[in-house]
Structures are given as structure tokens and as C-alpha cells.
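The values are calculated or read from the model by the stated rules, or taken from the named source; none is laboratory data. The structure displayed is predicted, hence computed values, not measured ones. So basically every Cβ, Gly included, is an ideal-geometry build from the backbone, and we count neighbours across all protein chains shown.
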Amino acid sequence: MKALIADGKWRPANGYLPSEQESRLKRALVGSRVWKDTFFEIKDVPIPEVRNDEVLIKVNACGICGSDTHLYEKNSEGYIIFSGLTKLPCVIGHEFAGVVVETGSGVQCFKEGDRVAVESIMWCGVCHCCRSGNPNQCKNIELLGLSRDGALAEYVAVSERFCWDISPLADVCNEDELFEIGALIEPIGCAYNGIFVAGGGFAPGAIVAVYGAGPIGLGAVALARTAGASRVIAFDVVDARLDVAKRLGADFAFNINGLNGRCAEKVMELTKGWGADIQVEAAGAAPVTIPEMEKSLAAQGKIIYLGRAATSTAANLDGLVTGANSIIGARGHAGYGIFPNIIKLIGSGRLKVGGMITSKYRFQDALDAIGASAMRKDAKIIVKF
């Protein structure tokens, strides 16, 4: 089969000392401090063999994630931008949907022909975090398409426990759209996890501000509208993405550059001085966004930090005390009914997310899709097989 593979050089940066296990396995916990001079190529590789608990999936659609872009992009020293767990070489791609074509001998819940979307957080199920009900914080985690072979390939093998039936989407999608929408469940799931699981949700009527109108931010916009936010305010630096945010439910959408960075003033103006009850950081630009969020956070408001970047920023802790506010981090989309709840919402017609897809590429042009993602003009790019 053909697969898009990322590879690079293991060159720990000055000041970063990998553990013995990291070095032995060539599995970096902070990829941006180790992997250098990455390159991508479509290669012929063997079709994966399924283990007892696995299904083999013929991939139909796979999204390009910001994590993929951050493997492609490099800093001035040639290191990747992605700051999470990374093991190269690796078949990239982790936002996908497809058809089960083979099942392992121990598989119980799926059969050939089933249409599925798949969690990319590969939780072990036996560590303390997993057994305590926190699979996204698994201590033995693998990330599909980043630390183990992913789905920008004709076939991928995964454990059945990570798969979810997407046949309910057929009530609102044709057969081709079903897989494209199915590939959106993973990034939308990250927003769902941040707002409703880690963040505890919000009461209907709350005001939500979203910084960053990429796929996760757009998922946050659509979910906030569906969940009963009275106003949804979106910020980004790309007008085309802001247009998509409006289509997905944002009442207001502003280019940060046009505001000279003074987003807090706009939030306070639109909320008549109350501020936003929920503020979602999906831009990965904390030094710019967090100060604005703090200045426009309602009493008992929450900042949900989803944007991943190896950066630090100052925080006004006294403001957290006086406002009874909180800053909450969230990773992943596994567990808590996240995938099935999103599938039900989309299948019911209440959550409409198809407008998030702004470009489609054939698999043979996947390298062009990665390059286009680095331009940051699209909302979601989908690769079709």
C-alpha cells in the first residue's frame, strides 16, 4: 500500500537532555526539542497485519491537522514546531474515517463493511490514569500519526476500542460526505473535551469567546452555539477562517490585526462590561491571547487552553482570585462519551460542521495538502482516497 511518511534527524537541541528511554526508542516526549530537518514522502509499505483486538480500516478521508503542519514546519534551527510526543519515521495522519475490511480473531463489536471514525489518543487502559477514568492523560499513551503509524495511508490497523460506528451520520449525509464529516469528529472532540469535560461546561445563555478559528476553534464555535451560548465571539488573523466561523455559529468574528490586538476591549463592549464566561484558546499563541482573555473574563469565568505550543506566558493570578476564575488545560478527545455524543449531535442535524471543510485533495497530492496547510488560509483540509 502507499503511505505518507514523515522522517527526520534525531538531534537533541542544546539544553535538552532526553531520557535514556527516549534515546533508546527514538521517541521524543517534546518533539520540538529533538527532531530536526523533517521530510515527507509517499512510499510503498506493507499493509498492516491485524492483531487479535484490531480491525483493518480502508481509509476514505483523512484531515490535515495543525500537528501535521507543525511536523512540516521548522524553526530557524531546523527543529519541528510540534511540541508533543513524536517518534519518526511515522505514517502521519490521525483525523480519519473509513471502512472495516478485516477483523482480528478477538474483535467483538465490529465486522467487515462497518463505517467508523477513530480516536487518535491510543490509551493503554491499565495505567493509573486510565483506570481512574482519565484516558487522555494515559501514562503509556501513543498518538496515532505522531508516535505510531497513522491514517494518511490506504490502510491502517487500530484496536477496536478506539473505533466508533458513524452510520448515524447517514441520516444527514450522503455516502461520500459521511466519511468527510466522520474525519471531523476527532478535532471537534478536542473542543468538546476542553469545554464540557475538562472545563465542566456552561449554563445556557453564557457568552463564549474563541481565539483561533482553525478546526478545533471552529469546533468550539459550533459546539457553543449548539449548547445554548447566547453570544459566540471568534477571533483569528485570517479573514477566510472568520467567514467559516460565522457560518458555523459565531455571532461576531474579528480579525485581531484589525483590532490592533485589543480583543479584550471588543469583548467588553459586546458584553456591556460583563465579559466572556468561557474563553477558548485554540490559537496556540498564549503570550498574545491569555492577557486579553484575562482582561475580559466574566466573574467565575473559565479560560480553556487547547492551543499546543512550547511556550510560557505571564498570568495575573490575583485576577483569578478576585474573579473566582480558572485556567483549564485539556488534551485529547478519548472517553467520557465524547465521540458517540458528537456522532449523535451531527446525526440529529443539530450540529452542522460540514462548512468547516474548505479544501479537498486526492491522496496522490497529499504533499501539496501539507504545504497548503502551512499557508493557514483553509479551515480544514481533507485528503480523499
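Would the range 274-286 turn up any residue that is charged (D, E, K, R) and either surrounded by fewer than 19 Cβ atoms within 10 Å (Cβ to Cβ) or assigned to a helix (DSSP H, G or I) (or both)?
The answer is no, given that none of the residues of the range 274-286 is charged (D, E, K, R) and either surrounded by fewer than 19 Cβ atoms within 10 Å (Cβ to Cβ) or assigned to a helix (DSSP H, G or I) (or both).
Kindly provide the set of residues from the range 361-374 that are surrounded by fewer than 16 Cβ atoms within 10 Å (Cβ to Cβ) and closer than 22 Å to Ala220 by Cα, ordered by number.
Ala374
Inspect all residues belonging to the range 239-256 and state whether any of them is in contact with an Asp or Glu (Cβ under 6 Å, 6 or more places away or on another chain), surrounded by 24 or more Cβ atoms within 10 Å (Cβ to Cβ) and touching a residue at least 24 places away in the same chain (Cβ under 8 Å).
The answer is no, given that none of the residues of the range 239-256 is in contact with an Asp or Glu (Cβ under 6 Å, 6 or more places away or on another chain), surrounded by 24 or more Cβ atoms within 10 Å (Cβ to Cβ) and touching a residue at least 24 places away in the same chain (Cβ under 8 Å).
Mind counting the residues in the range 156-187 that are outside any helix (DSSP H, G or I), β-branched (Val, Ile, Thr) and either within 19 Å of Asp68 (Cα to Cα) or not assigned by TED's automatic domain parsing to the domain that holds Asp53 (or both)?
Here is the first cut: in the range 156-187, the residues outside any helix (DSSP H, G or I) are 156-159, 163-166, 172-174, 183-184.
Going one step further and asking which of them are β-branched (Val, Ile, Thr), we end up with 156, 158, 166, 172.
Still in the list and also either within 19 Å of Asp68 (Cα to Cα) or not assigned by TED's automatic domain parsing to the domain that holds Asp53 (or both): 156.
Total satisfying the criteria: 1.
Residue by residue through the range 1-42, note down the ones that are within 20 Å of Asp368 (Cβ to Cβ) and surrounded by fewer than 14 Cβ atoms within 10 Å (Cβ to Cβ).
Phe39, Glu41
When the residues of the range 44-58 are narrowed to those that are aliphatic (A, V, I, L, M) and farther than 18 Å from Leu4 by Cα, which ends up nearest to the chain's Cα centre (by Cα)? Don't jump to the end; show me each part of the working.
Restricting attention to the range 44-58, the residues satisfying the condition of being aliphatic (A, V, I, L, M) are 45, 47, 50, 55-57.
Those left that are additionally farther than 18 Å from Leu4 by Cα: 50, 55.
Working: Val50: 26, Val55: 23 Å.
So, considering only residues that are aliphatic (A, V, I, L, M) and farther than 18 Å from Leu4 by Cα, the one nearest to the chain's Cα centre (by Cα) is Val55.
Would you pick out the residues in the range 344-366 that are touching a strand residue (DSSP E or B) at 6+ places or on another chain (Cβ under 6 Å) and aliphatic (A, V, I, L, M)?
Answer for the range 344-366, where residues must be touching a strand residue (DSSP E or B) at 6+ places or on another chain (Cβ under 6 Å) and aliphatic (A, V, I, L, M): Met356, Ile357, Ala366.
Checking the condition in the same structural domain as Lys246 (by TED's automatic domain parsing), surrounded by 23 or more Cβ atoms within 10 Å (Cβ to Cβ) and modelled with pLDDT under 95, which residue from Leu320, Leu306, Leu297 passes?
Selected residue: Leu306, the only one of Leu320, Leu306, Leu297 that is in the same structural domain as Lys246 (by TED's automatic domain parsing), surrounded by 23 or more Cβ atoms within 10 Å (Cβ to Cβ) and modelled with pLDDT under 95.
Which one is surrounded by the fewest Cβ atoms within 10 Å (Cβ to Cβ) among residues in the range 209-238 that are charged (D, E, K, R) and under 20 Å from the mean Cα position of the chain (by Cα)?
In the first step, residues of the range 209-238 are kept if they are charged (D, E, K, R); the result is 225, 231, 236.
Still in the running and under 20 Å from the mean Cα position of the chain (by Cα): 225, 236.
On the way: Arg225: 19, Asp236: 26.
Checking each candidate, the answer is Arg225.
Has the range 54-72 got any residue that is assigned to a loop (DSSP other than H, G, I, E, B), over 24 Å from Phe179 (Cβ atoms) and touching a residue at least 12 places away in the same chain (Cβ under 8 Å)?
No - not one qualifying residue is present in the range 54-72.
Looking at Glu54, Glu73, Glu112, can you tell me which residue is surrounded by fewer than 20 Cβ atoms within 10 Å (Cβ to Cβ) and within 20 Å of Ser159 (Cα to Cα)?
From the options Glu54, Glu73, Glu112, the qualifying one is Glu112.
Say we look at the range 211-262 and pick out the residues that are touching a Leu at 6+ places or on another chain (Cβ under 8 Å) and of a type in the set (D, E, K, R); which of these is nearest to Ala285 (Cα to Cα)?
Looking at residues that are touching a Leu at 6+ places or on another chain (Cβ under 8 Å) and of a type in the set (D, E, K, R), I get Asp236.
Take the range 287-325 and flag every residue that is under 22 Å from Thr271 (Cα atoms), in a helix (DSSP H, G or I) and not aliphatic (A, V, I, L, M).
Thr289, Pro291, Glu292, Glu294, Lys295, Gly319, Thr322, Gly323
When you check Ile80 against the structure, is it touching a Leu at 6+ places or on another chain (Cβ under 9 Å) and buried (at least 23 other Cβ atoms within 10 Å of the Cβ), yes or no?
For Ile80, the condition - touching a Leu at 6+ places or on another chain (Cβ under 9 Å) and buried (at least 23 other Cβ atoms within 10 Å of the Cβ) - is met.
Can you tell me which residues in the range 89-143 are among the hydroxyl-bearing types (Ser, Thr, Tyr), assigned to a loop (DSSP other than H, G, I, E, B) and either under 21 Å from Leu4 (Cβ atoms) or in contact (Cβ under 8 Å) with a residue 40 or more places away in the chain (or both)?
Listed by number, the residues that qualify are Ser105, Ser120.
Give Leu345, Leu351 a once-over and let me know the one that is within 20 Å of Gly214 (Cα to Cα), hydrophobic (A, V, I, L, M, F, W, C) and not in a strand (DSSP E or B).
Leu351
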